[in-house]
1. If the elastic network links every pair of Cα atoms under 10 Å, which of LEU138, LEU40, LEU129 fluctuates the most in the Gaussian network model of the chain?
2. Could you give the Stokes-Einstein D for the chain in µm² per second, using the C-alpha Kirkwood radius, 20 °C, 1.002 mPa s?
3. Report the calculated FRET efficiency for THR27 and ASP216 (r = Cβ-Cβ distance, R0 = 51 Å), to the nearest 0.05.
4. Within the set LYS215/LYS249; LYS52/LYS75; LYS179/LYS249, which residue pairs have Cα atoms separated by over 21 Å?
5. Check cross-link reach from LYS33 to the lysines: straight Cα distance under 21 Å, and skip same-chain residues fewer than eight apart.
6. Of all accessible surface on the chain at a 1.4 Å probe, what whole percent is carbon and sulfur?
7. I'd like the per residue volume of the convex hull spanned by the Cα atoms of region 125-193, given in cubic angstrom.
8. Using a simple charge model, +1 on the beta-carbon of Lys and Arg, -1 on the beta-carbon of Asp and Glu, nothing else, what dipole does the chain show about its Cα centre, in debye to the nearest 20?
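The values are calculated or read from the model by the stated rules, or taken from the named source; none is laboratory data. Note that the structure is a prediction, hence the values are computed from the model and not measured. Every residue, glycine among them, receives a Cβ derived from its backbone with ideal geometry; neighbour counts consider all protein chains shown. These accessible areas exclude ligands, DNA and RNA; they are computed on the full protein's heavy atoms, side chains included. Shrake-Rupley method; radii C 1.70, N 1.55, O 1.52, S 1.80 Å.
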Amino acid sequence: IQTLSGKKQYTVFAPTDDAFAKLPAGTIDELLKPESKQALTDILLYHVVSGKVMAADVVGLTSATTLLSKDVAIKVEGGNVFINDAKVIITDIETSNGVIHVIDTVLIPAADAGTIVDIAVADGRFTTLVAALQAAGLVETLSGEGPFTVFAPTDDAFAKLPAGTVESLLKPENLEKLKNILLYHVVSGKVMAADVVGLTSAPTVLGQDVKITVKDGKVYLNDTIQVIITDIEASNGVIHVIDAVLLPK
């Protein structure tokens, strides 16, 4: 309240009571709990832009940086102005320290993407991969700046290996072999699916190329391993999910 009561000029995209009522049941009660103070603060800051930006100027923008340091997208469609997916329903309510534009939906900032490892841990389909990365000492590497492209086998993919293979690879005497297998799933740089389909191969961090083919609109690695989910973006790269484990020569 003190921030928005000061002398500095602000533009506030203000959701109505009806806008808050559109949130899933229990959301407001949850946000008002003491432990949710930071999340609530972030949401509110996401509705405020520094400076006094009148509607005539808003329509000339494609984005604006909020006090949360995250941008909101601005578009004009059918004579209406939208801030992300929220429609501006009243404009230019002038105040002594800025201007208010009323919106019909609460703006929710997108969560920051975690690292490749963070996403793999949180997802729940990659417990074997995460265990293997930990055993091979690659967690720190794939939590680094990168960027990396990871072809990530699911738990089901690892389960397709002959019985006892995973357990054997996790033994200390086989960790170099495990590390090589994992590095064969990593490509330097952030290669999105749209770019992958234009390649015939990609050099892995192991130093061996992985073959890429497209059949009937589906992408395959080394002819038989299918890419089943693409473009899971991380802060340090991208994950493409595959249905079997890639084994280097």
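1. LEU40
2. Numbers: Rh = 21.4 Å.
Reported coefficient: 100 µm²/s.
3. 0.75
4. Details: LYS215/LYS249 24 Å; LYS52/LYS75 19 Å; LYS179/LYS249 14 Å.
From the list (LYS215/LYS249; LYS52/LYS75; LYS179/LYS249), the Cα-Cα distance tops 21 Å for LYS215/LYS249.
5. Those lysines meeting the cut-off are LYS22.
6. The value for the chain is 55 percent carbon and sulfur by accessible area.
7. On the way: hull volume 6.2 nm³, N = 69.
Spread over its residues, the Cα hull of region 125-193 gives 89 Å³ apiece.
8. 360
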